[in-house]
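Taken together, the values in this text are just the output of simple stated rules run on the coordinates, not laboratory data. What you see is a predicted model, and the numbers here were worked out from it, not measured in a lab. Here the Cβ is made from the backbone with ideal geometry for all residues, glycine too, and neighbour counts use every protein chain on show.
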Amino acid sequence: MQHSSSSSSTNSINGFYNFLTHSLDDLYSSFHSQNSMSIHFLQLVFSSLQSFHSQLTLLVHKLHLPVGEKWLDEYMDESARLWDICHALKSCVSNTENYCSMGLNIPSILENNDLNSQLLRQVLRAINRCQRERVRLEEENKSLIETRINPLMMQFDESALIQSKFNGFNGFRGALYALKNISSLLFMIMVNGLAYCSNEASFSSSSHMITASSTVNHMVFESSFMVSATRLMERLKDSEKGVNGILLQEFRNTGHAMDELQTELERIEGCEREFDISERVEILKSCFGGLQCGIENMIVQLDDFFDEIVESRKKLSDLCIHTSGV
């Protein structure tokens, strides 16, 4: 009976690592095909994070963990960390809403109005205000990352891999440590895409740690899991070289569309003949509408994850209470 229980635990742990591996490979394939930090890709990243957390919660039920030991405290600490990072990330994402409102106000000024010199200057002023808001937004997000997110991010650490007892609690501690590491990687992707990417403090700062940890990953993780994590990180690191700011493709599209409209308006300023700028205006409207919709969807996804964390914490606490009462 003892052998059967041990075998079942091993299969459950291996299943968790295999799930991580396949999900990370899917993210790699998705980014490789798009080659951009789109809303769609970042939603996939966050969905993967949600799935990893959910699978870890299910793993607890399979491992029959002892009541009154530290595994629940360790899970509570990690779920609290996830909660705090998500709240800070939500603040960064929410900051984009004002930028979207200002951007969508630009085409609304032109709707049902003939373009004249007074209206043209009004639109140019609205564009300048929106461009200043774009700079302010990135600076505020950068500050939020430095003060609230970076202190919570976990770095891959070879010494911790060697020293910690990852077989503890039937392998649960190793699975939890895997979640900590991978969630930090996924959060870094989302932060770079949605909040702010500093080329000096991005993937490059932790890449050597992942490489170092891979030399001892056979002690903790399935090698394929570490290989998949490193491959995804290296692919994203290559794509962001020399780039600072919010990497989200939809966000960058609004900047390009705004610049093109501004250039067109400045070109026709003072000219007597009529110009048709309707196409530029529609592109701008579409870009800001797409960004606004994506931001709203991301906020909904974050709120859903908050609910999932609360539910999981309650379920695991209740599990210990009910088990101890048996």
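The residue 147 and residue 105 beta-carbon pair, evaluated with R₀ = 45 Å, returns a calculated FRET efficiency of approximately 0.90. Counted residue by residue at 0.36 nm each, then reduced by the alpha carbon distance between them, the extension gain from residue 279 to residue 80 reaches 66.9 nm.
Would you mind classifying region 35-91 by shape? Square roots of the alpha carbon gyration tensor eigenvalues, ordered a ≥ b ≥ c; an a/c under 1.5 is rounded, otherwise it is prolate if a/b is larger than b/c and oblate if not. Judged from the Cα gyration tensor, region 35-91 comes out oblate (a/c at least 1.5, b/c at or above a/b). Counting charges near residue 283 (Lys, Arg +1; Asp, Glu -1) among other residues having Cβ under 14 Å from its Cβ returns a value of -4. Checked against a 27 Å cut-off, the cross-linked pairs 62/237; 62/314; 142/241; 241/285; 70/180 give Cα-Cα distances beyond that limit for 62/237; 241/285.
Counting charges near residue 246 (Lys, Arg +1; Asp, Glu -1) among other residues having Cβ under 9 Å from its Cβ returns a value of +1.
Taking label points 7 Å from Cα along the Cα-to-Cβ direction, residue 129 and residue 306 give a separation of 2.9 nm.
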